[in-house]
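Participant: Below is one structure. I have some questions about it.
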Amino acid sequence: QMWEEAIALGKELAEQYENEMFDYEQLSELLRKQAQFYENIVKVIRPKPDYFAVGYYGQGFPTFIRNKVFIYRGKEYERREDFEARLLTQFPNAEKMKTTSPPGDDIKNSSSQYIQCFTVKPKLDLPSKFHRPVSEQIVSFYRVNEVQRFEYSRPVRKGEKNPDNEFANMWIERTIYVTAYKLPGILRWFEVKSVFMVEISPLENAIETMQLTNDKINNMVQQHLNDPNLPINPLSMLLNGIVDPAVMGGFTNYEKAFFTEKYMHEHPEDHDKIEKLKDLIAWQIPFLAEGIRIHGEKVTEALRPFHERMEACFRQLKDKVEKQYGVRTVLSSLDDRRGSRPRSMVRSFTMPSSSRPLSVASVSSISSDSTPSRPGSDGFVLEPLLPKKMHSRSQDKLDKDDLDKDKKEKKKEKRNSKHQEIFDKEFKSTDISLQQSEAVILSETISPLRPQRPKSQVINVISSERRFSVSPSPPSSQGTPPPITPRTKLSFSIQSNLELNGMSSSDIPDVPPPLPLKGSMADYGNLMESQDLISPTTSPPAHQRVSP
């Protein structure tokens, strides 16, 4: 599952396939694998193994491990007890040491075998390419991989013991181990080449603890924003442990230990550190507010009383902190850490024409780029996937409607050209001018004043098999084509239009009746408007016209 390493090797192969071997088939296969690797990095949760420091002390060990310390990479989900049991099976005569402090010379020079084992924390060393904050899912790989520095912290008390506040005199003795190579490598363990120790003051420890707590809240909030299906229990325990003072005490112990006049008088050099700690306390409030908001949206009814108590504790905490340390806003901080929303989550919509309507899903999808989908989300909540699917369907439907509309227009133009040729041929043979006939016969647009045809005047176009010709006059009963009538019979007024539909101008209803059901995909604008073809009581099936 080290896809980052696979991508680096894939890029070397891609260079060979593209510029040396010109094997585009292998290149395409390789690029598809790389795309899958990138997707896995973002979506797949990988287990984080633990690292253990193991010291082999005594003259009873072989020379290549005698009195040396090694850093081991444990297996997935392997606990320290299991690792120790596996280690002791290789050295059944060895004795396990009970302390984590470095042993004395008496143990190192003894003829026995002593094994010291304890858990160490890898030190994050981000590559230089990450010059800006990135997603926690990307950074999490480098927290346990490509690491060479490891630390072990041991609390040490100095000065008088304060029973009321243990943080006032708790120092941290931190040991740093540097291995010969980065882990993991060709082996799951490497020798420690250098060891040094630093001491962390109680105030510095408080600053570090607050920073880690804020990062933990922020990372968990990001995970729930990116994946709404995550379980809510870890978030509940984290928030309640910070908000409810009865659980852990919060930062009240820090205030009692470091924000007093006595401490500031005795340690004037810590003024800047105290201000930094106050700033971290103020920054914790907006992180908690976002976490509690997400918790309120996902909490079940059974845990609703628990959530309400947590909200009440948070309101008291918020009023106190904002009054003493000021107000912080989380918008810029979270947006900078998370970055802009990926383009894959934003559906672009391009209209082919300005008059094209948008569906409701399309409008909501477009407006979601600037408007948060949930109130109080500060604009960085990812909208659910359902509106996007609806949007893509509506867009496909609009595209399909446009395509059908274009086909209809082409059919109309083709039909018009045929009609034009027929009428030109017939009218030229009789030496009749076509200036007026073109305006009447070739018109396919319904007049705005023309009323809708009532249902009682509509014939069943499906059962009718009559074929109408486009000639200006109906065929005679003998079956011979009649002579062309004068042009004046083709010209009509609005009055003839009304009579053509079986009603007078006084019979026009205020609200026109609904359109009759279509028998086919014909357009109502293609109706013939000749008084000789249409009787006052019937309407022709417009879609059944054919050329003579």
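The values are calculated or read from the model by the stated rules, or taken from the named source; none is laboratory data. Values in this document were obtained by computation on a predicted structure and should not be read as measured data. Reconstructed Cβ throughout: ideal geometry from the backbone, glycine too, with neighbour counts over all protein chains shown. Heads up: the accessible areas ignore ligands, DNA and RNA and are worked out on the full protein's heavy atoms, side chains in. Shrake-Rupley method; radii C 1.70, N 1.55, O 1.52, S 1.80 Å.
Participant: Scan segment 25-77 residue by residue and report those that are among the charged types (D, E, K, R) and surrounded by fewer than 16 Cβ atoms within 10 Å (Cβ to Cβ).
Facilitator: Correct list: GLU25, GLU29, ARG32, LYS33, GLU39, LYS43, LYS48, ARG66, LYS68, LYS75, GLU76.
Participant: Consider segment 160-181. How many of its residues are within 22 Å of MET197 (Cβ to Cβ) and at pLDDT 80 or above?
Facilitator: Going through segment 160-181 one residue at a time, the tally reaches 12.
Participant: Is it fair to say GLN113 is more than 23 Å from MET2 (Cβ to Cβ) and either among the acidic types (Asp, Glu) or touching a residue at least 12 places away in the same chain (Cβ under 8 Å) (or both)?
Facilitator: Answer is yes for this residue.
Participant: Taking segment 237-248, which residues are modelled with pLDDT of 85 or more and either outside the structural domain of LYS320 (by the TED database) or β-branched (Val, Ile, Thr) (or both)?
Facilitator: If the condition is that a residue be modelled with pLDDT of 85 or more and either outside the structural domain of LYS320 (by the TED database) or β-branched (Val, Ile, Thr) (or both), then ILE242, VAL243 are the ones that fit.
Participant: Out of (1) assigned by the TED database to the domain that holds THR300; (2) without any contact (Cβ under 8 Å) to a residue 60 or more places away in the chain, what's the single condition that is false for ASN226?
Facilitator: Result: ASN226 passes all but (2).
So that you can scan it fast, the table gives a plain yes or no per residue for (1) open to solvent by 20 Å² or more (accessible area, probe 1.4 Å); (2) modelled with pLDDT of 90 or more:
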residue: VAL195; (1), (2): yes, yes
residue: GLN222; (1), (2): no, no
residue: LEU230; (1), (2): yes, no
residue: LEU235; (1), (2): no, yes
residue: HIS295; (1), (2): no, yes
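Participant: Same structure again: Go through the residues of segment 79-95 one by one and say whether even a single one is under 30 Å from LEU225 (Cα atoms) and open to solvent by less than 50 Å² (accessible area, probe 1.4 Å).
Facilitator: Checked against the condition, which is being under 30 Å from LEU225 (Cα atoms) and open to solvent by less than 50 Å² (accessible area, probe 1.4 Å), segment 79-95 yields no hits at all.
Participant: Collect the residues in segment 297-333 that are open to solvent by less than 40 Å² (accessible area, probe 1.4 Å) and in contact with a helix residue (DSSP H, G or I) (Cβ under 8 Å, 6 or more places away or on another chain), keeping them in residue-number order.
Facilitator: Those that are open to solvent by less than 40 Å² (accessible area, probe 1.4 Å) and in contact with a helix residue (DSSP H, G or I) (Cβ under 8 Å, 6 or more places away or on another chain): VAL299, HIS307, MET310, CYS313, PHE314, LEU317, VAL321, TYR325, GLY326, VAL330, SER333.
Participant: What residue, among those in segment 146-184 that are open to solvent by 80 Å² or more (accessible area, probe 1.4 Å) and within 28 Å of GLN1 (Cβ to Cβ), is farthest from the chain's Cα centre (by Cα)?
Facilitator: Here the residue is TYR181.
Participant: For residues that are among the hydroxyl-bearing types (Ser, Thr, Tyr) and within 20 Å of ARG73 (Cβ to Cβ), scanning just segment 88-132, find the one that is farthest from the chain's Cα centre (by Cα).
Facilitator: The extreme case among them is THR89.
Participant: How many of the residues in segment 173-199 are assigned to a strand (DSSP E or B) and more than 17 Å from PRO122 (Cα to Cα)?
Facilitator: Looking only at that region, the number is 1.
Let's see how each residue does on (1) assigned by the TED database to the domain that holds PHE141; (2) within 30 Å of GLY10 (Cβ to Cβ); (3) in contact with a helix residue (DSSP H, G or I) (Cβ under 7 Å, 6 or more places away or on another chain):
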| site | (1), (2), (3) |
| --- | --- |
| LEU27 | no, yes, yes |
| GLN34 | no, yes, yes |
| VAL69 | yes, no, no |
| ARG73 | yes, yes, no |
| ASP82 | yes, no, no |
| ALA85 | yes, no, no |
| ASN93 | yes, no, no |
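Participant: Here is a further query. In segment 197-220, which residue that is open to solvent by 80 Å² or more (accessible area, probe 1.4 Å) and charged (D, E, K, R) is nearest to ILE281 (Cα to Cα)?
Facilitator: Going through the qualifying residues, I end up with LYS216.
Participant: For the structure I just gave you, tell me whether PRO127 is open to solvent by 60 Å² or more (accessible area, probe 1.4 Å) and part of a loop (DSSP other than H, G, I, E, B).
Facilitator: Answer is no for this residue.
Participant: So VAL243 fits all but one of (1) touching a Gly at 6+ places or on another chain (Cβ under 8 Å); (2) open to solvent by 20 Å² or more (accessible area, probe 1.4 Å); (3) of a type in the set (A, V, I, L, M, F, W, C); what number is the exception?
Facilitator: Condition not satisfied by VAL243: (2).
Participant: Report, by residue number, each residue of segment 271-286 that is open to solvent by 20 Å² or more (accessible area, probe 1.4 Å) and either outside the structural domain of PRO228 (by the TED database) or within 17 Å of GLU208 (Cβ to Cβ) (or both).
Facilitator: ASP272, LYS273, GLU275, LYS276, LYS278, ASP279, TRP283
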